[in-house]
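The values are calculated or read from the model by the stated rules, or taken from the named source; none is laboratory data. Small disclaimer: the values here were computed from a predicted structure and weren't measured. Using ideal geometry, Cβ is built from the backbone for each residue, glycine included, and neighbour counts are taken over all protein chains shown. Keep in mind that these areas ignore ligands, DNA and RNA; they rest on the heavy atoms of the full protein, side chains included. Shrake-Rupley method; radii C 1.70, N 1.55, O 1.52, S 1.80 Å.
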Amino acid sequence: MAKAKTLHACTECGGTSPKWQGQCPHCSVWNTLVETVVSSGSAAAAENRFAGLTAARAVITLDQVSAEDIARIPSGLPEFDRVLGGGFVPGSVVLLGGDPGIGKSTLLLQALQSVSAVSDVLYVTGEESPEQVAARARRLRVDGRRIPLLAEISLEKIIDTLRTNKPTIAIIDSIQTLYSEALSAAPGSVSQVRECAAQLTRMAKAGGPAIVLVGHVTKEGAIAGPRVLEHIVDTVLYFEGDSGSSFRLVRAIKNRFGAVNEIGVFAMTESGLREVSNPSALFLSHTGDPVPGSCVTVTQEGTRPLAVEIQALLDEAHAPNPKRLTVGLETNRLAMLLAVLHRHAGVACFDQDVFVNAVAGVKIAEPAADLAVLLAMVSSLRGKPLPAKMVVFGEVGLAGEVRPVQRGQERLREAAKLGFTRALVPRANITRQGVEGIEVIAIDRVEQAVQWLREH
Ligand code: TYD
Ligand code: MG
């Protein structure tokens, strides 16, 4: 194939330069020039390469567009289907990102097991040899007879194979190993990753297969450079988990065919990933008797309420700058909570090292855990456990008020299901009918919660 003409485009301002430079000649920002293919067609066609759109069509009104229910291909793993929004959508592109070794290839191979029973699939491996993939399949007891394998890293050859084989679902493991002959950059560079993903996306949208791109998260936490693929694909899933624990979360960050922030929970075992259908039980530490510094909260992940134990340890600081460390929670939020605790509840922690941890490697991004973090800290400071079988949730404001959270009823129901009998929640989250089996205590302000703790 003839080498296509390339340009270097700035990721900040979009300006171009014929050769690579450290600084963009247009906006003077450093290290933003990325090699891109110059399409022989019009500028609009060139734009389409990246947007992953199909050819232009005539203008029609919305009601003329047939919007049948999207047919989905279930992955055979209900937890995976949950994050996908019900299964793979034909012609869609899914990006599955995560740290190397977390289980991306394992999950996809397990999904292919049941998908291959009903439709044609293709597994493209650029990273591992066919022998390695086959060894994994044997370990997972996946029947390989219906899973065609292609060990290839040339984008052009992969596209040719997809055209001839016409699979319904194709797995590309991984996008960082592919290279297009149109670019001179090395595989894994931003320009190659972007070009390869854009071409595959175009193919998927033009009646091609549903494509799953596996992407390794780089040290900075983004997939191959600053989120270069997220806008191109339909669905972005991230695989999360602690290297020290066997639990794995698949989280939907973006989904054109389903809810975002949905999570699927798995455990990595000797024979592959096993689904965990009652994940709340995982994030509680089961220490038996209540201990100081531990408080259970109910967070909401997508449509799923999840009980998570928050642990805090406050210990006398021996250095001038006391430590503030969090695992699974935001450190800035902790600093804010400490200030609120001091100002509004009169509990000073400036001479204490503060450590806060969400159990089992779960990450909590929503403020609903605020009140639980706060009470866990107070409990640790006083060396007094919270009453047994109690959950706490609520957002804490700078004025010391406890604000309501979304879907309070669902959180309470989840707590009741797990056997909790008491809940400390924002007053506005209390409804008249209540939730069976759980005594709800209304809280308006932080000092009220701290006072309640003192009395119980
Ligand atoms: P893998 O799917 O190869 O990760 P990725 O594709 O994200 O790089 O998973 C590799 C890890 O999973 C490896 O450390 C071994 C572990 N593993 C198991 O514990 N049990 C299994 O059955 C399999 C297949 C892998
Ligand atoms: Mg892999």
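Between residue 259 and residue 134, the modelled labels are 4.3 nm apart [label points 7 Å from Cα along Cα→Cβ].
If you wrap a convex hull around the C-alpha atoms of the chain and split its volume per residue, what is the figure in Å³? Don't jump to the answer; show the numbers that get you there.
Values: hull volume 91.1 nm³, N = 456.
Spread over its residues, the Cα hull of the chain gives 200 Å³ apiece.
Using the beta-carbon distance between residue 16 and residue 331 and R0 = 41 Å, what value does 1/(1 + (r/R0)^6) give for FRET efficiency, to the nearest 0.05? Walk me through the numbers before you get to the answer.
Details: r = 40 Å, r/R0 = 0.98.
It comes to 0.55.
Given R₀ = 22 Å, FRET efficiency for residue 7-residue 156 by Cβ-Cβ distance, to 0.05?
Details: r = 20 Å, r/R0 = 0.92.
The formula returns an efficiency of 0.60 here.
What is the extension gain from residue 384 to residue 284, computed as 0.36 nm multiplied by their sequence separation minus the C-alpha to C-alpha distance, in nm to one decimal? Let's see the in-between values first.
Details: separation 100, 0.36 × 100 = 36.00 nm, distance 1.88 nm.
Computed gain between residue 384 and residue 284 is 34.1 nm.
How far apart, in nm, are two points set 7 Å out from the Cα along the Cα-to-Cβ line at residue 27 and at residue 184? Output for this residue pair reads 2.6 nm.
In square nanometres, what is the average projected area of the Cα convex hull of segment 282-455?
On the way: hull surface 37.1 nm².
Across all orientations, segment 282-455 yields a mean hull projection of 9.3 nm².
Taken one residue at a time, the phi angles of segment 105-118 give Karplus couplings (6.51, -1.76, 1.60, θ = phi - 60°) of 5, 4, 4, 5, 5, 5, 5, 4, 3, 8, 5, 5, 6, 10 Hz. Gly and Pro are set to x.
If you sort 308, 65, 118 by accessible surface, 1.4 Å probe, largest first, the order is 118, 65, 308. Each Lys or Arg adds one and each Asp or Glu takes one away; over the other residues whose Cβ falls under 14 Å from the Cβ of residue 137, this sums to +2. Amide hydrogen proximity for residue 97: with H placed 1.01 Å from N in the peptide plane, the residues at 5 or more positions away or on another chain lying under 5 Å are 215, 237, 238, 239. Spin-label pair residue 324-residue 363: with each label point 7 Å from Cα along the Cα-Cβ axis, the two points sit 2.1 nm from one another. Diffusion of segment 290-372 by Stokes-Einstein, at 25 °C in a medium of 0.890 mPa s and with Rh set to the Kirkwood radius over alpha-carbon pairs, works out to 182 µm²/s.
For residue 391, the amide hydrogen comes within under 5 Å of the amide hydrogens of 422, 423, 424, counting only partners 5 or more places away or on other chains and with H modelled in the peptide plane. Of all DSSP beta bridges confined to segment 282-455, the antiparallel ones make up roughly 60%. Each residue of segment 327-340 was assigned a 3J(HN,Hα) from its phi angle through the Karplus curve 6.51 cos²θ - 1.76 cosθ + 1.60 (θ = phi - 60°); the sequence is 10, x, 9, 7, 5, 5, 5, 5, 4, 5, 5, 5, 5, 5 Hz, with glycine and proline shown as x.
Summing charges over all other residues whose Cβ lies under 12 Å from the Cβ of residue 163, with Lys and Arg as +1 and Asp and Glu as -1, gives 0.
Based on Cβ point charges of +1 for Lys and Arg and -1 for Asp and Glu, what charge dipole magnitude is obtained for the chain about its Cα centre, in debye rounded to the nearest 20? Spell out each step's value before the answer.
Values: 46 positive and 47 negative charges, 93 e Å.
With only Lys, Arg, Asp and Glu charged at Cβ, the dipole is about 440 debye.
Relative contact order for segment 72-277: 29 percent, from Cα pairs under 8 Å spaced at least 6 residues apart, divided by residue count. Couplings for segment 310-324, taken from phi via the Karplus curve 6.51 cos²θ - 1.76 cosθ + 1.60 with θ = phi - 60°, read 9, 10, 10, 10, 10, 9, 3, 8, 10, 10, x, 9, x, 7, 10 Hz in order; Gly and Pro are left as x.
Among the cysteines of the chain, 196, 295, 349 have no other cysteine beta carbon within less than 4.7 Å of their own.
With the cut-off at 24 Å, report for segment 72-277 the share of all Cα pairs above it, as a whole percent. The share of Cα pairs beyond 24 Å in segment 72-277 comes to 34 percent.
With contacts taken as Cα pairs under 8 Å and at least 6 residues apart, the chain reaches a relative contact order of 12 percent.
For the listed peptides 103-110, 128-135, a ranking on the average number of other beta carbons within 10 Å per residue, highest first, reads 103-110, 128-135. Give me the tail of P(r) for segment 53-173 as a percent: Cα-Cα pairs with distance above 19 Å. More than 19 Å apart: 54 percent of the Cα pairs in segment 53-173. Checking the cross-link pairs 323/363; 104/384; 104/166 against a 32 Å limit on the alpha carbon distance flags 104/384 as lying beyond it. Bridging of residue 19 to lysines at a Cα separation below 20 Å is possible for 3, 5, once same-chain residues fewer than 8 apart are set aside.
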